[in-house]
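Visitor: Handing you this structure, nothing more for now.
Values in this text are rule-based calculations from the coordinates and carry no lab data. Fair warning: this is a prediction, and the values are worked out from it, not measured in the lab. Don't worry about glycine lacking a Cβ; one is built from the backbone with ideal geometry, like all the others, and counts go over all protein chains shown.
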Amino acid sequence: MQTFMTTSTTGWAAAILAAMTICLPYLVRILAKAKGGHPPRDELIRSHLVIGFVVLALSSAHMLASMTPTIIGSAASPGIAVATAALVFVIIQVGFGLRLNASKPDGKRNSRRLHIVGMLAIVVAVAIHIAINSPLLSRS
């Protein structure tokens, strides 16, 4: 039961924080435009980066906690494969984010596109993993 709670907590926390960090830049821009100003870039980027690293840590903890015979034995193999891909995408996404943060303003367009494609890959992979492996969605 402890393992189930750990995997559930880390998995759902990672998913919720990933959704938050995806929405954060857009919400800040919308609020800044509504107030007639510019978004506070340094604070926004710092928050976005920190949450991204937390998502990576929680995703890794979720994967490690899930590596027990009880959970692996009962999990669907395609869901585990998709979850593994999602974790790899998160690792790559952190790299894209760091590259984007370090790039000069004229080089940000391609880095931003890669970052958006990475985000979409993570969202799709996590949604598939949840659909296949989540006990909350299980029909049994």
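Visitor: Output the 0 to 90 degree angle, nearest 10, between the alpha-carbon long axis of helix 108-133 and the longest principal axis computed from the alpha carbons of the chain.
Guide: With both axes taken from Cα atoms, the answer is about 20 degrees.
Visitor: What list do you get for H62, H48 if you sort them by fewest beta carbons within 10 Å? Mind dumping the intermediate values first?
Guide: Values: H62 22, H48 17.
Ordered from fewest to most neighbouring Cβ atoms within 10 Å, H62, H48 come out as H48, H62.
Visitor: Tell me the Kirkwood radius of the stretch 1-97: reciprocal of the mean inverse pair distance over distinct alpha-carbon atoms, in Å. Don't jump to the answer; show the numbers that get you there.
Guide: On the way: mean 1/r = 0.0672 Å⁻¹.
In the stretch 1-97 this quantity evaluates to 14.9 Å.
Visitor: Return one number: the angle in degrees, 0 to 90 and rounded to the nearest 10, between the long axis of the Cα atoms of helix 41-66 and the longest principal axis of the Cα atoms of the chain.
Guide: 10
Visitor: OK, next. Using only Cα atoms and rounding to the nearest 10 degrees, what angle (0 to 90) does helix 2-34 make with the longest principal axis of the chain?
Guide: It works out to around 20 degrees.
Visitor: So which trypsin sites (Lys or Arg not before Pro) in the stretch 35-68 end up in coil per DSSP with only 13 or fewer other C-beta atoms within 10 Å?
Guide: On the way: sites: K35, R41, R46; in loops: K35.
Filter output for the stretch 35-68: K35.
Visitor: Pop a pseudo-label 7 angstrom from the Cα along the beta-carbon direction at both H38 and I116 and give the gap in nm to one decimal.
Guide: With each label placed 7 Å out from Cα toward Cβ, I get 2.1 nm.
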